[in-house]
1. Expressed in nm to one decimal, what extension gain is obtained for the pair A:N109 and A:N272 from 0.36 nm per residue of sequence separation less their Cα-Cα distance?
2. For the protein assembly as shown, what is Rg from Cα atoms divided by 2.2 N^0.38 Å, rounded to two decimals?
3. Under a crude label model (7 Å from the Cα following the beta-carbon direction), how far is A:F437 from A:L132 in nanometres?
4. From the phi angles alone, apply the Karplus equation (6.51, -1.76, 1.60; θ = phi - 60°) to region A:313-328 and give each ³J(HN,Hα) in whole Hz, x where the residue is Gly or Pro.
5. Take the Cα of A:N196, step 7 Å along the line toward its Cβ, and report every residue of region A:234-270 whose backbone nitrogen sits under 15 Å from that point.
6. Give me the dipole magnitude in Debye, nearest 20, for the protein assembly as shown about the Cα centre, with unit charges on the beta carbon: positive for Lys and Arg, negative for Asp and Glu.
7. For region B:50-96 and region A:229-260, what is the separation of their Cα centres, given in Å?
8. Which of A:N176, A:M141, A:N56 sits farthest toward the positive end of the charge dipole of region A:26-182, with +1 on the Cβ of Lys and Arg and -1 on the Cβ of Asp and Glu?
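Please treat every number below as a calculation from the coordinates, not as lab data. What you see is a predicted model; the values in this text were computed from it and never measured. Positions of Cβ are backbone-derived with ideal geometry, glycine not excepted, and every protein chain shown enters the neighbour counts.
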Amino acid sequence: MKHSDIFSAVRSAVIAAVIICGAAVPFANAADDATKPIFALRGFGTLGIVHSSEKNADFTSGFFEPNGAGYTRSWAPGVDTKLGVQADARFSDKLTAVLQLVSQHQYNNTYEPRVEWANLKYQFTPDFDIRLGRTVTTQFMVSDSRMVGYANLWIRPPREVYGLVPLTNKDGIDANYRFAVGEATNSVHVSYGVANPKLPDSGTVKARNYSSLANTLNYGPITLRASYSWGRVHLNTPGTDALLDGLTQFGNTVSAIPGFAPAGRQALNLANKYRFQNKPLSFLSFGASYDRDEWLLMAEWAGLNGASILADSTAWHATAGYRIGTFTPYLTVARLRSEKRSETGISTAALAAIPPLAATAATLNDGVNRALAGGAPGQKSLVIGVRWDLIKNTALKAQYDYMILDSMSSGRLGNVQPNFQPGGKVNAISFALDFIF
Amino acid sequence: MSAAVLTLYLITSAITNAASADVVAVVSAKSSVTSLTAYQLTDIYLGRSARFPDGTEAIPCDLAENSPLREEFYTKIIGKSRAQIKAHWSKLIFTGRGQPPREMATDAGAKQLVTENPNVICYIDRSQVDNSVTVLFP
C-alpha cells in the first residue's frame, strides 16, 4: 500500500465517521437554551446525472474532472454529484474553526474526499473577523456556495462565467469587515494566499501571491458585488509541456545547423513565450441580484486577463427565476468570449531544404495553434430548468442546456477527442437531487 | 372558468389574510432601539448585520419552524418562503459565515427571552404586546 493510498483510506474513514456521527448528533442550533453549540456537524450533497449530445467530447464540471457525459458516458453521474461534510467548532465567543471535506469526481477519476476548507476564525467584533487556513475564494456572486446545490437555483453555476476561475479555495489569510451605509450593509473581503490543485493527467496549477478584494453591498433584496483578484500562476499539463519541450529541443537542434539559426530562434522564442511559469493573471467581476418574494434575478460579468496559452476572456450570464409555490422555473442566458490568437510559427519555407525538419516544424506550428485555440474557448448557452423544493432540506432539479460553440472552439467541453468538430451545437440534459443535513 | 377560480382565490386569500395573526418585531422596553426599517430588520434576520442602527448588538431569535407566526413573519416581512430561508442559511452555514437565529419553542419563551436580554429581537403576535416590549416594526 502506497503512502497516498493509506492517506486516502484514513481520510475516507474520517469522512465516514463524520457522516455517522452527523446522523446521530441532533441539530445543535435547534437547542432552546442559552448555551451556544460548541460543535456542530452538517453536510450538503447532490445526486446528479447528465446526458450530452456531443459524442466526441465530454460535458464536465470543469477543468478538474477528467471525463463526463458525451464521449465517456451516455449518462454521467460525476458532473454534479458530490457530498460535503462540515464540522464547526466554537472554542470561545471569538474563536471558531471550520473543517469541510468534499467528495466529488476529481482529477484522478476517484471520489476521494479532499479538504475544501480548514480554517480558524477570530471574530474581533461582530463586524470584523480574520480567518487563517484554507478558505473560500471569492471571485463570484455564489463563490461561497458554489458547491452547495441546495443553496443555488441552478444545478450548477453558469460554466461560461464560473469556468473562468475554477479555483475554489486558497491557503492563507482572509479578513472580512462589514458596516452599515444608511439602510444598506456593506462587506469588504480581502484575502491572500496560495493554491495548488491537481489537474487530470497529472497536470498542476500553482497560484502564488493569490490576492483578492471583494466588496458586497446588500440593500434589502438587492445585492451588488465587485471583485478583483490577481496572482502569479504556473500551469503544467502534459500536452503543453510536451509541445514546449518539443519546441525547445527542435530550436536547439536547428540553431546548431549552420544557416538555420533564425528558424531555431523562432522555435525557442515560441517555447519561451508560452511557457506557463510565474505568469501574472488577473480577474475582475461585477454582479447584481434581486431576490424577494417570487422573483430571483441575477446577472454577472467577468473578465480574465490571461497569459501564455490562456487567452483574455470575458463572460456574462443573466438569470431569472420565478417561484410558483414549491416550483421555481428558471432561465439563464450566458456568453463566453475569448480573444482569438494564432501564430505563424516557425518558417517552414526556411527549412524547405531539409524536408524532415520542415515537416516537424509544421507539426509543432500546428500544435501551438491547437493549444492557442484550446486556451481561447467561446460559447453561448441558453439554460432552462426548474427547481422543486419537494420536502424539507431537499430540492429536485431538471435542467436543459443548449450550447452554441464558437467556430474553432470546443467551448467548455472537456476530454476533447481527435475527431471532435469544433463549433456546432450541443444539447445537455441534467437531473439533480440537492440536499442539506 | 379560470376567472372564477381566480376570483375565488382572491377572496379566499383576502379572508386568510384578514384572519391571520398580526406579527410585530419587538425588543425589550429596556432597549435603546425604538424602530427599524424593513431592510434593517431583514439584514438582522438574514445574518447580514449583527447590530441595531445605534450600534448595539442585535441577536435575532426565531420561533419553531412549524409556527404560523414564523411563516407570516418571513413571507410577509422578509419576503422569503421557508425553503428560501433554508437555502439562504445553507449559503452562510457552509462558509462558517453565520448561524441561523436561535429557535424558541413557544411564543411565550420568545417574549421572555426578549424581556430578559435587551440585545435580543424577536417577533410576536401583536396581541402579546405590553409595556415590557417595544415594537420596532412595523
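1. Fully extending the segment from A:N109 to A:N272 adds 55.5 nm.
2. 1.11
3. Simple spin-label model gives 3.4 nm for this pair.
4. Using θ = phi - 60°, the values come out as 9, 10, 8, 8, 9, 10, 10, 9, x, 10, 7, 10, x, 8, 9, 10 Hz.
5. Zone members listed by number: A:234-237.
6. Around 1240 debye, computed over the protein assembly as shown.
7. Their Cα centres are 56 Å away from one another.
8. A:N56
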